[in-house]
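*Asks:* Okay, here's the structure, questions in a sec.
The values are calculated or read from the model by the stated rules, or taken from the named source; none is laboratory data. Quantities reported herein were computed from a predicted structural model and do not represent experimental measurements. Quick reminder, even Gly has a Cβ in these numbers, built from the backbone with ideal geometry, and neighbours come from all protein chains shown. These area figures cover heavy atoms from the full protein model, side chains too; ligands, DNA and RNA do not enter into them. Shrake-Rupley method; radii C 1.70, N 1.55, O 1.52, S 1.80 Å.
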Amino acid sequence: MARWEPNARERLVRAALDLFTEQGYDATTVNEIADRAGLTKTTFFRHFPDKREVLFAGQDTHARLLADAITEAPSPATPLETVRAALDALTATFTDDRREFSAKLRPVIAGHSELQERSASKRAKLAEAVTNALHKRGVSEPAASLAAEFCIRAFYHAFDQWADPAGRQTLTELTRHTFDELRAAMAALD
């Protein structure tokens, strides 16, 4: 693979996941990732500060998608209607070709405490992005934080189901179903 080919970032992510799956996270070096991607170590560090971050490359994009959808939601929408629309916007980007990648990603993260920690941090940052976007819409506390946590919980629960390679439903369908189940469970608490 020539070094000038496009999609260096995506190539690095895929190379890293393949190597982490084959030989383990600790045994894989940045040089090996760059070599597998047909790039240099310098190119790797242009895209990622360290090898841990390579598996969480989409976080900023996900946060932006959620926040933008919340901003664009109709003004009479409730906080939960708003985050449901945001979930639709985010999950629409998870096409079936990403399912296999996600299925390989989950055990790599689950098998290493450093990656689990980073995953938890990512989850918190997504909730923070949703909370901040809701604040900008005039949603006060604790409603904004609760709606954000509800949103992120629905996403991750559905994502775990969707990442099963045998699954046939889209992530959007699974997230909507999970969202509705969580909403019903909350209503039952009342």
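*Asks:* At a Förster distance of 41 Å, what's the computed FRET efficiency of R64 paired with D180, Cβ-Cβ distance as r, to 0.05?
*Replies:* For R64 and D180, the calculated efficiency is 0.95.
*Asks:* In Å², what does the accessible area per residue of region 96-190 work out to with a 1.4 Å probe?
*Replies:* 57
*Asks:* Now, a different point. Let me check I've understood the local charge: for K136, count other residues with C-beta under 14 angstrom from its C-beta, Lys and Arg +1, Asp and Glu -1. What total comes out?
*Replies:* Net charge in that neighbourhood comes out at -2.
*Asks:* Pop the C-beta distance of R106 and T42 into the FRET formula with R0 = 35 Å and round what comes out to the nearest 0.05. Intermediate results must be reported in sequence, preceding the final value.
*Replies:* Working: r = 30 Å, r/R0 = 0.87.
That gives a FRET efficiency of 0.70.
*Asks:* With all protein chains present, how much of the accessible area of region 1-126 (probe radius 1.4 Å) comes from carbon and sulfur, to the nearest whole percent?
*Replies:* 51
*Asks:* Filter the cross-link list K41/K125; K51/K125; K51/K136 down to pairs whose alpha-carbon distance in this structure exceeds 31 Å.
*Replies:* Over 31 Å apart, Cα to Cα: K51/K136.
*Asks:* Here are labelled values, (i) 1.02; (ii) 0.95; (iii) 1.16, and one is the computed Rg/Rh (Cα atoms, Kirkwood Rh) for what I pasted. Which one?
*Replies:* Read-out taken from this structure: (i).
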